[in-house]
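A quick write-up on the structure given underneath.
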Amino acid sequence: MGAGLPHWRLTCLISRTRLWEDGAHLLESDITYDITQVLDGLTARCCPNVGPVSDHPRTLVLLRHAKSTYPDGVADRDRPLAPRGIREAGLAGEWLRANLPAIDQVLCSTATRTRQTLARTTIGAPVRYLERLYDAVPGAVIAEINTVADEVATLLVIGHEPAMSQTALGLTGAEGTNTAATESIAVKFPTSAMAVLRVPCRWERLELGGAALVDFHVPR
């Protein structure tokens, strides 16, 4: 069944049973759908046992801002990076370029130290500065991630503690999670640290426990 179908088509088997006086007879019919139709949700209607299809893998990076200073008379949101933070933000950018696919989009807190962290990474992807990511709770971070366009394959979120560690641990739970990385984050999420998660669904569908934590890196 389905022999000779081109690779861009998907065949689903729909079975019906007709009852005759001498017993049950199975009738089978092949229904072929373009894979693009399946991605639009027809899988759920014709093949309820087939899970949701993701059209490309996704990578989520949660980056805590680099080390900042505490100048007298300066509001918390306006605190700049310390010399150490400037150096380590640059190291974070180098690590991202060497180890992950190119960043497609950045979500960044509006605080000065997160803006400067992004600038020092020299990542040139489109960025959205979000007030909501300053002093955020994990639910707010995930809600912003849920708004990201489906074509974004690699997303970088730059924020603060404790939101970055809580979001990373909250999202973790899918198959392939790195236990050692999870334990490290539970102990401490230092400045400039990055949690890397594999997301098996569209951004809009990401929820608690829906990603796999695959790496945790602290540039020093």
Check your understanding: What residue among T112, L133, A102 has its Cα farthest toward the positive end of the dipole of segment 93-140, where the charges are +1 on Lys, Arg and -1 on Asp, Glu, each on the Cβ?
Key -> T112
Exercise for review: Just the number, please: carbon plus sulfur as a percent of the accessible area of segment 86-220, 1.4 Å probe, no ligands or DNA/RNA counted.
Suggested key: 51 percent
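Measuring with a 1.4 Å probe in the full set of protein chains, what accessible area per residue, in whole Å², belongs to segment 62-164? Walk me through the intermediate numbers first.
On the way: 4560 Å² over 103 residues.
Accessible area per residue: 44 Å².
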Point to revise | Simple spin-label estimate for H56 and R97 in nanometres, 7 Å along Cα-Cβ | key: 2.1 nm
Review point. Dipole of segment 82-220, Cα-centred, from +1 at each Lys and Arg C-beta and -1 at each Asp and Glu C-beta, to the nearest 20 debye?
Key: 500 debye
Study note, to complete from the structure: Residue span E183 to A125: 0.36 nm per residue of separation minus Cα-Cα distance leaves a gain in nm of 17.8 nm
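The values are calculated or read from the model by the stated rules, or taken from the named source; none is laboratory data. Just so we're clear, the structure is a prediction, and the values are computed from it rather than from any experiment. Positions of Cβ are generated from backbone atoms using ideal geometry, with glycine treated the same way; all protein chains shown enter the neighbour counts. All accessible areas refer to the heavy atoms of the entire protein, side chains included, with ligands and DNA or RNA removed. Shrake-Rupley method; radii C 1.70, N 1.55, O 1.52, S 1.80 Å.
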